[in-house]
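Asker: Before anything else, here's the structure in question.
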């Protein structure tokens, strides 16, 4: 804590110290300083990062492996793509935990203790030729979907064929688990043919539900909200199909922002979207109906935490004594902020604490000794050994144990 300018005097008056630097101290609700607890290493891993805890598991990443942390034991549950140690984000849906970073993704099953792929790879385009059958003459379009575990993928490349007279269509490269889909003559709706190598008629009963869908992209800041998965790739916020976490229409289902995304925070009525320059609110629960608002300064990636027992935040219909649950709190370029369900940001630190957050941080919400706390840490020092503070004198104290 740095409360004085460098030229400030050490003593405000005789016998009353005004400290320039206070280390390892907490401030109680009454304003009293008390020594902060030390830290104890309970698990040893090499360069671990991206720790996260949900209902069914606590996870982190270390040297290309995903670890499940139970008590004082870290269990390697599977390999993950960890090039350059990019942060991993997680989304718990039901009994499964989905995870993703900019280089890979997957699904962790806590019950089985296993990691599996997320989504189904698209099949190749069908190789077609004419044969005998009952199809009318005309132009047909055919595609394939892959099937795995009772689920189907999006469609692979679409191939067209023209029948000059009545006949059928032969597929020469269909794999055993591929399902064929075909249009009516000169039509544009694909109907299920099934696991067949020959198309002799088109039953117009079951249209293709995953048309133009792809497996999930490698997104950052993965979030589950409103029956969809959401995640950033650069400056694009992508979202999955409704209740279909493995179907993503990458060509149309996204929001474009001016700068790279840094955060996705959900409320009951919308999403706060952090970017490098600004924070936005997408107010609404359906992508096609969301209202886009510019609400504040850019968000620091990694600092988001959902906090409970938050007091009234300016809602005109909310009485002051009401406590709010799952309130998103994060560090912005202007300080610690909280978002409310109507798309407004409230500064929790402005006029109280001055700090300069860095480009990356970490956030945590906890209850300790009856107090609810939001904790944040940043890397903002002069070099790679930074302790997360930008004040040079503070850095010196932390390193050398002396005040200069």
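Asker: From 191, 238, which residue is more than 30 Å from residue 133 (Cβ to Cβ) and not assigned by TED's automatic domain parsing to the domain that holds residue 104?
Answerer: 238
Asker: Of the residues in the range 157-188, how many are within 14 Å of residue 132 (Cα to Cα) and assigned to a loop (DSSP other than H, G, I, E, B)?
Answerer: 3
Asker: Quick test for you: out of 122, 128, 135, pick the one residue that is more than 18 Å from the chain's Cα centre (by Cα), at pLDDT 95 or above and closer than 17 Å to residue 218 by Cβ.
Answerer: Answer to the selection: 122.
Asker: Something else now. Only one residue in 174, 228 is surrounded by 16 or more Cβ atoms within 10 Å (Cβ to Cβ) and farther than 26 Å from residue 106 by Cβ, so which one is that?
Answerer: Going through 174, 228 in turn, just one is surrounded by 16 or more Cβ atoms within 10 Å (Cβ to Cβ) and farther than 26 Å from residue 106 by Cβ: 174.
Asker: Inspect all residues belonging to the range 288-295 and state whether any of them is under 26 Å from residue 52 (Cα atoms) and either assigned to a strand (DSSP E or B) or outside the structural domain of residue 51 (by TED's automatic domain parsing) (or both).
Answerer: So far as the range 288-295 goes, no, none of its residues is under 26 Å from residue 52 (Cα atoms) and either assigned to a strand (DSSP E or B) or outside the structural domain of residue 51 (by TED's automatic domain parsing) (or both).
The values are calculated or read from the model by the stated rules, or taken from the named source; none is laboratory data. Worth saying up front: this structure is predicted, and the values here are computed from it rather than measured. Quick reminder, even Gly has a Cβ in these numbers, built from the backbone with ideal geometry, and neighbours come from all protein chains shown.
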